[in-house]
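A short write-up of the structure that comes next.
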Amino acid sequence: MTSYYLSPDLYELVYADMVADIAPHVAAAKAAGGPVLEVCCGTGRLLIPTLEAGIDCDGLDVEPTMLGALRAKLAARGLHAALHSADMRSFKLERRYALIAIGFNSFLHNLSQDDQIATLRRCREHLAPGGCLQLMVFHPSAEKLLEWSGAESFVKELPLPDGGRLRVYDLAHDDRVEQIRRMTRRLEFLDAAGAKTREESLTFDLRYIFKPEMELLLRVAGFRQWKVESLFAAYQDASAYPAGQGPREGDHLRWSAWGASA
Ligand SMILES: C[S@@+](CC[C@H](N)C(=O)[O-])C[C@H]1O[C@@H](n2cnc3c(N)ncnc32)[C@H](O)[C@@H]1O
């Protein structure tokens, strides 16, 4: 299986500043009032705060190294969750859930409509009566699609635990017909004096989805009711963002969908 992010450690370093989605995720899990499944749970950036809030939440991911890192973190914190090593397109579990959540753009790792619909169907089949599927995905923006395409751009610089700095650069190649974005990411590690000590690069693909297409996918997968809201504007200060705002391009959207009347 392809490792999307090279290693769990690198994944966590690159996304150490991604915190804006944690509170809304935990709030939705709490409000579900029943067991939660996080599909594509990775190393637990969302799952750990959910468990710490006392919520019964299972995790599922296809990448054994990500799950291994999560298992170690749960053990170190004395937390417990059923973790399933499985593919979102084909998983089969005994349990039924009040909420199934696929956070942080992970649904966009489905690169074809067949894969998208298979994942949505698997999720719908694992919902308890009245249960809800929530997907958090960015909505493509014409401006951002052009801005990152074809030339490498500096994205951010983050502090490292050893006192050094991590610089992140992205280069996107967009197939704007198939809606596939191939991201090539370069990571530069600097020591405390600013000298480069290491460089890594990784590549992963995403298939971005426009709003009417997501509505059609949900419909085809057997969902009967859905709503969409903007959670926060990508690349902006989330605290300055009005809650519950309708979808705008470039925003991180939260889709909620029900298989039967909610
Ligand atoms: C962007 S990370 C999100 C991880 C975590 N939910 C978070 O918010 O930090 C995407 C995760 O999806 C997982 N993934 C990718 N394709 C998958 C698939 N087909 N089935 C299950 N997990 C998959 C990757 O292994 C990775 O852990």
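Run through every distinct alpha carbon pair of segment 142-207 and return the Kirkwood hydrodynamic radius in angstroms, one decimal place.
On the way: mean 1/r = 0.0776 Å⁻¹.
Result for segment 142-207, one decimal place: 12.9 Å.
In segment 121-237, what percentage of the DSSP-assigned beta bridges are antiparallel, given to the nearest 5?
Of the beta bridges lying entirely in segment 121-237, close to 95 percent run antiparallel.
Would you grab the residues whose amide H sits under 5 Å from the one on ASP251? Only those 5+ places off in sequence or on another chain, please, with H modelled 1.01 Å from N.
Hits under the 5 Å cutoff: HIS139, ALA234.
Which net charge results when you count Lys and Arg as +1 and Asp and Glu as -1 among the other residues whose beta-carbon is under 14 Å from that of GLU52?
Residues near GLU52 contribute +2 overall.
Most exposed first by the Cβ proxy, i.e. fewest other Cβ within 10 Å, how do ILE100, ILE180 rank?
Going from least to most buried by this count: ILE180, ILE100.
Take every DSSP beta bridge with both residues inside the chain and express the antiparallel ones as a percent of the total, to the nearest 5.
75 percent
If you scale each eigenvalue of the Cα gyration tensor by 5 and take the root, what three semi-axes come out for the chain, rounded to whole angstrom and sorted largest first?
29, 23, 17
Quote the charge dipole size of segment 142-207 about the Cα centre in Debye, to the nearest 20; the model charges only the Cβ of Lys and Arg (+1) and of Asp and Glu (-1).
Numbers: 12 positive and 14 negative charges, 13 e Å.
Dipole magnitude for segment 142-207 comes out near 60 debye.
Ranked by Cβ crowding within 10 angstrom, fewest neighbours first, how are CYS132, CYS123 ordered?
Arranged by neighbour count, lowest to highest, CYS132, CYS123 become CYS132, CYS123.
Counting helices only, and only those DSSP H runs with n ≥ 4, report the 222 nm mean residue ellipticity of the chain as the sum of -39,500 (n - 2.57) divided by its residues, in deg cm²/dmol to the nearest 500.
Working: 7 runs with 67 residues, N = 262.
-7500 deg cm²/dmol, from helical runs alone.
So, counting K/R as plus one and D/E as minus one, what does the shell of residues with Cβ under 12 Å around VAL26 add up to? Mind dumping the intermediate values first?
Numbers: positive: LYS30, ARG45; negative: ASP21, GLU38, GLU52.
Once all neighbours under 12 Å are counted, the net charge is -1.
What residues qualify as long-range amide H neighbours of TYR208, i.e. H under 5 Å apart, gap of 5 or more or another chain, H built at 1.01 Å from N?
Counting only residues 5 or more places away or on other chains, the set is ARG181.
Every read-out reported here was derived from the displayed coordinates using simple, explicitly stated rules and does not represent laboratory data. Predicted, not measured: the structure shown is a model, and the values here were computed from it. Note that we place each Cβ from the backbone using ideal geometry, even for glycine, and neighbour counts take in every protein chain shown.
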